[in-house]
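Student: Quick one: the structure is below, and I'll ask about it shortly.
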Amino acid sequence: IYTELTKKAEYLAKGIQQILESKSIPHTINQVGSMLSVHFSDRPVTDFDSAKNAAGETFNKFFHHLLENGIYLPPSAYETWFLTDSLVDSDLEKVLEVVKGFKIWEWLKNWISSSDTLKKLVLMLYMISQRLQYLSKKEKV
């Protein structure tokens with residue numbers, strides 16, 4: 001059972017990573033056995049300090065996007081996803097399809113067009129810097 005759970009978690013982690021990379025969304029995915037976590041950071045997430053420095057607002061939007069599409073995750077970026085053996089291939093594919101629909105850049109663009117301009121400008125600059133760091137790191141590989 002543990003081998004099968006690990007394969008499912010590896011499949012999800014790899015699929016989510018490929019999708020987020022294709023969207024140029026900075027991220028880190030940690031996976032051990034049947035546990036995995038998704039963090040929106042261009043740096044490794046290994047402890048509480050590195051987790052709290054990840055983009056929490058992006059995780060919040062990611063969580064709600066998945067929730068609105070029938071995927072129930074732990075509601076905090078500090079929590080781990082625990083997979084169950086009852087998940088079948090079609091369940092894993094549904095998760096990946098929903099992740100493909102995650103549009104953080106469109107959300108950010110809409111958010112910027114509403115009020116509280118300074119806060120939004122700061123967040124926009126942060127997101128742009130994260131994206132540029134991610135792209136420059138990707139080019140070096």
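Student: Show the residue pairs meeting these rules: Cβ distance below 8 Å; 6+ apart or different chains; first residue within region 72-91 and in contact (Cβ under 8 Å) with a residue 40 or more places away in the chain; second residue open to solvent by 80 Å² or more (accessible area, probe 1.4 Å).
Tutor: That search, which allows pairs on different chains as well, returns 85/1; 85/4.
Student: How many residues does region 33-42 contain that are hydroxyl-bearing (Ser, Thr, Tyr) and either assigned to a loop (DSSP other than H, G, I, E, B) or surrounded by fewer than 14 Cβ atoms within 10 Å (Cβ to Cβ) (or both)? It would help to see each step written out before you state the result.
Tutor: First pass over region 33-42, keeping only residues hydroxyl-bearing (Ser, Thr, Tyr): 34, 37, 41.
Filter once more, so that each one left must be either assigned to a loop (DSSP other than H, G, I, E, B) or surrounded by fewer than 14 Cβ atoms within 10 Å (Cβ to Cβ) (or both): 34, 41.
Summing the residues that are hydroxyl-bearing (Ser, Thr, Tyr) and either assigned to a loop (DSSP other than H, G, I, E, B) or surrounded by fewer than 14 Cβ atoms within 10 Å (Cβ to Cβ) (or both) in region 33-42 gives 2.
Student: Counting just the residues of region 14-23 that are open to solvent by less than 60 Å² (accessible area, probe 1.4 Å) and in a helix (DSSP H, G or I), which one comes out farthest from residue 123 (Cα to Cα)?
Tutor: Applying the first criterion (open to solvent by less than 60 Å² (accessible area, probe 1.4 Å)) to region 14-23 yields 15-16, 19-21, 23.
Remaining after also requiring in a helix (DSSP H, G or I): 15-16, 19-21.
Numbers: 15: 27, 16: 24, 19: 23, 20: 19, 21: 20 Å.
Per the criteria, the residue is 15.
Student: Of the residues 55, 51, 13, 9, which single one is among the small types (Gly, Ala, Ser) and in contact with a His (Cβ under 7 Å, 6 or more places away or on another chain)?
Tutor: Working: 55 fails: in contact with a His (Cβ under 7 Å, 6 or more places away or on another chain); 13 fails: in contact with a His (Cβ under 7 Å, 6 or more places away or on another chain); 9 fails: in contact with a His (Cβ under 7 Å, 6 or more places away or on another chain).
Exactly one residue qualifies, and that residue is 51.
Student: Now a separate question. Name the one entry in 91, 49 that is within 22 Å of residue 11 (Cα to Cα) and among the charged types (D, E, K, R).
Tutor: Values: 49 fails: within 22 Å of residue 11 (Cα to Cα).
Among 91, 49, only 91 is within 22 Å of residue 11 (Cα to Cα) and among the charged types (D, E, K, R).
Residue-wise test of (1) aromatic (Phe, Trp, Tyr); (2) under 21 Å from residue 137 (Cβ atoms); (3) open to solvent by less than 70 Å² (accessible area, probe 1.4 Å).
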{"residue": "3", "(1), (2), (3)": "no, no, no"}
{"residue": "8", "(1), (2), (3)": "no, no, yes"}
{"residue": "12", "(1), (2), (3)": "no, no, yes"}
{"residue": "25", "(1), (2), (3)": "no, yes, yes"}
{"residue": "30", "(1), (2), (3)": "no, yes, yes"}
{"residue": "44", "(1), (2), (3)": "no, yes, no"}
{"residue": "51", "(1), (2), (3)": "no, yes, yes"}
{"residue": "86", "(1), (2), (3)": "no, no, no"}
{"residue": "90", "(1), (2), (3)": "no, no, no"}
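Student: Additional query: So how many residues does region 75-84 have that are assigned to a loop (DSSP other than H, G, I, E, B) and open to solvent by 60 Å² or more (accessible area, probe 1.4 Å)?
Tutor: Just the residues of region 75-84 that are assigned to a loop (DSSP other than H, G, I, E, B), to begin with: 75-80, 83-84.
Filter again for open to solvent by 60 Å² or more (accessible area, probe 1.4 Å), leaving 75, 78-79, 84.
Qualifying residue count, region 75-84: 4.
Student: Also, I was wondering about something else. Condition check: touching a residue at least 40 places away in the same chain (Cβ under 8 Å) and either touching a Cys at 6+ places or on another chain (Cβ under 9 Å) or of a type in the set (Lys, Arg) (or both). Does residue 7 satisfy that? Can you show your working first?
Tutor: Values: touching a residue at least 40 places away in the same chain (Cβ under 8 Å): no; either touching a Cys at 6+ places or on another chain (Cβ under 9 Å) or of a type in the set (Lys, Arg) (or both): yes.
The answer is no for residue 7.
Student: Of the conditions (1) assigned to a helix (DSSP H, G or I); (2) modelled with pLDDT under 90; (3) out of contact with any Asp or Glu (no Cβ under 7 Å at 6 or more places or on another chain), residue 137 fails just one. Which one is it?
Tutor: Result: residue 137 passes all but (3).
Student: Another question about this same structure. Being acidic (Asp, Glu) and modelled with pLDDT under 95 is the filter; apply it to region 1-46 and report the residue that is nearest to residue 83 (Cα to Cα).
Tutor: It comes out as 21.
Student: Going through region 88-105 one residue at a time, which ones are modelled with pLDDT of 95 or more and assigned to a loop (DSSP other than H, G, I, E, B)?
Tutor: 88, the sole residue that qualifies.
Student: So residue 30 passes all but one of these: (1) in contact with a Ser or Thr (Cβ under 7 Å, 6 or more places away or on another chain); (2) not in a strand (DSSP E or B). Which condition number does it fail?
Tutor: (2)
Student: Then there is this: Determine whether region 106-119 contains at least one residue that is modelled with pLDDT of 75 or more and within 15 Å of residue 62 (Cα to Cα).
Tutor: No, that holds for no residue.
The values are calculated or read from the model by the stated rules, or taken from the named source; none is laboratory data. Treat the numbers as computed from the prediction; the structure is a model and nothing was measured. Counting neighbours? That spans all protein chains shown, and the Cβs are built from the backbone with ideal geometry, glycine included. These area figures cover heavy atoms from the full protein model, side chains too; ligands, DNA and RNA do not enter into them. Shrake-Rupley method; radii C 1.70, N 1.55, O 1.52, S 1.80 Å.
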